[in-house]
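Okay, structure first, notes after.
The values are calculated or read from the model by the stated rules, or taken from the named source; none is laboratory data. Small disclaimer: the values here were computed from a predicted structure and weren't measured. Glycine also receives a Cβ, built like all others from the backbone with ideal geometry; neighbour counts cover every protein chain displayed. Side chains included, ligands, DNA and RNA excluded: accessible areas come from the protein's heavy atoms. Shrake-Rupley method; radii C 1.70, N 1.55, O 1.52, S 1.80 Å.
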Amino acid sequence: HAVADGLPFTKYGGRHTVTLLPGVGIGPELMQGVRKVFAAAGVPVDFEEHVLPDLARGADVDEPFEHAVLSIRRNKVALKGNIEIKGRGENLVSRTVQLRRVLDLYVYVMEARSQPGVKTARQSDVDVTLVRQNTEGEYFMLEHSPVRGAAESMKVVTAAASERVARFAFEHARGQRRPRVTVVHNKATLPRSDGLFVDVALAVGSEYPEVDVDVMSVGRCCADLLHDATPFSVVLTPNLYGVYLGAILSGLVGGPGLLAGTNYGPQAAVFEPGTRNKGTDIQGRGVANPVGMLRAAADLLHFVGQRGSAALLRTAVDSALRRGTATHDIGGHSSTDEFIQDVCDHIVAARRPWDPH
Ligand code: ADP
Ligand code: MG
């Protein structure tokens, strides 16, 4: 389908080149962890790192960002932290949203699964794939103040973009043998925009007789997920609702540090921790949970065809969690470095099959 699958990746001498955007907050320290793990696993990946400083006051061209976009266009694949900040006040433009728009990363996918060894307040068997429209809706970035004391923000929904993301959701459901796609909306209040999204999703869904379709208001979806996530399989959502459904799902499985998410478009795939938190309050203290970033890195390896290394990294993360290696956010006492070291040890041992481990 129309995502970056099967692209000819940048590969010199058998090595992959991947754009790295460490971002702000805990991003850079998590990237250090990824570098260590990749070195331990000996994966043939070279990073092109792009640091994105705050825009200087009055600057109208975001040159570091433009260079990062060129790098992603060339490599077709990137790993990123939170790159939110750009400019100030009136000139504030989200680099995250901008990146999705310029690279046409029209779908965001987050696989929310319960984590081994992580105790949660509710369920231990969550398994939901969130498929979110990623380029329009409320995040169309058409906001202005026509007069003092008032602001307007445009929500844009097109049949074309809705069709692409719906097709992705149903292809995913069919490919992964998932029984159901739940289409989320707020049609009662927004009959035209969300109505269009639902109509298009239903039309696409009718081409997939083996997949059940459920249509549900976003409010009910939030409540039902918190009550019992079991009936949910694939959740297809317009942009903004998807942000909050993603937050609920990450909360259900143990918090914001655990899951990965991917932005896909026809020309590139951008991997990141699932809820893109900055973690400013814990930055630089060496306590951030690296699991979400490591899962993003594993997804990236799988995507570029390094399937064995991807599987090894996933197993290493799961077994570290299972052994009780855990950062503070999930009730443990390990530092980021200790978690990373545990993952590296597992990988090194697995690469030496003659060593019992
Ligand atoms: P947002 O950017 O959406 O406001 P925050 O960065 O404030 O989110 O994150 C919400 C909370 O979750 C913060 O207390 C933050 O420290 C915590 N958090 C986010 N990511 C991680 C992580 N990887 N490890 C540990 N705690 C995290
Ligand atoms: Mg915050």
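Taking every C-alpha pair closer than 8 Å and separated by at least 6 residues, the mean separation divided by the residue count of segment 215-357 gives a relative contact order of 16 percent. Return the single residue from 82, 239, 186 with maximal mean-square fluctuation; model: Gaussian network over the chain, springs between Cα atoms under 10 Å. Of 82, 239, 186, the most mobile in the Gaussian network model is 186. Rounded, prolate or oblate: which one fits segment 275-357, using the alpha carbon gyration tensor with axes a ≥ b ≥ c (rounded when a/c is under 1.5, else prolate when a/b beats b/c, else oblate)? Verdict is oblate for segment 275-357. When the accessible area of the chain is computed with all protein chains present and a 1.4 Å probe, what percentage of it is carbon and sulfur? The value for the chain is 52 percent carbon and sulfur by accessible area.
Averaged per residue, what accessible area in Å² does the chain show with a 1.4 Å probe, protein chains only?
On a per-residue basis, 45 Å².
Quick one: plug the Kirkwood hydrodynamic radius of the chain (C-alpha pairs) into Stokes-Einstein at 10 °C, 1.306 mPa s, and report D in µm²/s. Answer from the Stokes-Einstein relation: 75 µm²/s. Other residues lying with their Cβ under 11 Å from the Cβ of residue 106 contribute a combined charge of +2, Lys and Arg counting +1, Asp and Glu -1.
Structural descriptor for the chain: relative contact order 21 percent, calculated from alpha carbon pairs under 8 angstrom and at least 6 residues apart.
The lysine pair tally for the chain, using Cα distances under 16 Å and a gap of 8 or more places or different chains, is 4. Amide H contacts of residue 93 (H built 1.01 Å from N, in plane; Pro and chain starts excluded): 86 sit under 5 Å, all sequence-distant by 5 or more or on other chains. For residue 235, the amide hydrogen comes within under 5 Å of the amide hydrogens of 129, 130, 131, 182, counting only partners 5 or more places away or on other chains and with H modelled in the peptide plane. Comparing 176, 341, 306, which has the greatest mean-square fluctuation in the GNM of the chain with Cα pairs linked when under 10 Å apart? Largest GNM mean-square fluctuation: 176.
Add -39500 (n - 2.57) for each DSSP H run of 4 or more in the chain, then divide by its residues: what number comes out at 222 nm, to the nearest 500 deg cm²/dmol? It would help to have the intermediate numbers written out before the result.
Working: 10 runs with 135 residues, N = 357.
Rounded to the nearest 500, the figure is -12000 deg cm²/dmol.
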